[in-house]
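Structure record follows, encoded as structure tokens.
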Amino acid sequence: MRRSTMIRTVTRVSIAFLCTSALPLVASADDKGQVAFNTHCRNCHSIEKGENRLGPSLFGIVDAEAGAVAGYANYSGALQGFRWDAATLDKFIADPKSVSLNTTMVFPPVADAEQRAAIVGYLKASSGQ
Ligand code: HEC
């Protein structure tokens, strides 16, 4: 292989690698959503699959069945029998008790509709949805 060909090949491979490994970063390039998530949710939630904190992992939560994250042991039992579509998520983070009176998710609600939309968008994008 000529040196220039080799350099080109190596460059292509590294670019391909960079693109693949940067995927989560690209998905979360929606900085506004990420910042809002970090501000309002991250103390209790991760978007990594299987990483349950005080609250369940929110990986893939958009359109998922409520109360069904594997390995999360602290569900109140109040979030069941529906799916987390974008509208329900929006309602929940504006006021958790408006979705279920008995939920144990208690936090300072996100009053700003734009921030809520950014968070839901981020939840979607960061799960590759
Ligand atoms: C103070 C900790 C805390 C904060 C902050 C918090 N949550 Fe939660 N969250 C919880 C707990 C605890 C539960 C489990 C509630 C239950 O079972 O009733 C939960 C449950 C959820 C669920 C239901 C998951 C499922 O499997 O059905 C969603 C969705 C959710 N949170 C989204 C958010 C979002 C989005 C934010 C930020 C806007 C947020 N939460 C902020 C503690 C928190």
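The values are calculated or read from the model by the stated rules, or taken from the named source; none is laboratory data. As the structure is a computational prediction, the values presented were derived from the model and not from experiment. Cβ sites come from the backbone with ideal geometry, for glycine too, and all protein chains shown count toward neighbours.
Against the condition within 23 Å of ASN52 (Cβ to Cβ), surrounded by fewer than 16 Cβ atoms within 10 Å (Cβ to Cβ) and aromatic (Phe, Trp, Tyr), how does PHE92 come out, does it pass?
no
Does ALA29 qualify as being exposed (fewer than 13 other Cβ atoms within 10 Å of the Cβ), of a type in the set (A, V, I, L, M, F, W, C), at pLDDT 95 or above and assigned to a loop (DSSP other than H, G, I, E, B)?
In short, no.
What number of residues in the range 73-94 are near the ligand (Cβ under 8 Å from one of its atoms) and within 19 Å of LYS124 (Cα to Cα)?
Within the range 73-94, residues that are near the ligand (Cβ under 8 Å from one of its atoms) and within 19 Å of LYS124 (Cα to Cα) number 4.
Residue by residue through the range 59-104, note down the ones that are touching a residue at least 60 places away in the same chain (Cβ under 8 Å) and at negative phi.
PHE59, ILE61, VAL62 - these are the residues of the range 59-104 that are touching a residue at least 60 places away in the same chain (Cβ under 8 Å) and at negative phi.
Can you tell me which residue in the range 95-116 is nearest to LEU54 (Cα to Cα), limited to those that are in contact with a helix residue (DSSP H, G or I) (Cβ under 6 Å, 6 or more places away or on another chain) and more than 7 Å from the ligand (Cβ to nearest atom)?
Filtering the range 95-116 for residues that are in contact with a helix residue (DSSP H, G or I) (Cβ under 6 Å, 6 or more places away or on another chain) and more than 7 Å from the ligand (Cβ to nearest atom), the one nearest to LEU54 (Cα to Cα) comes out as PRO109.
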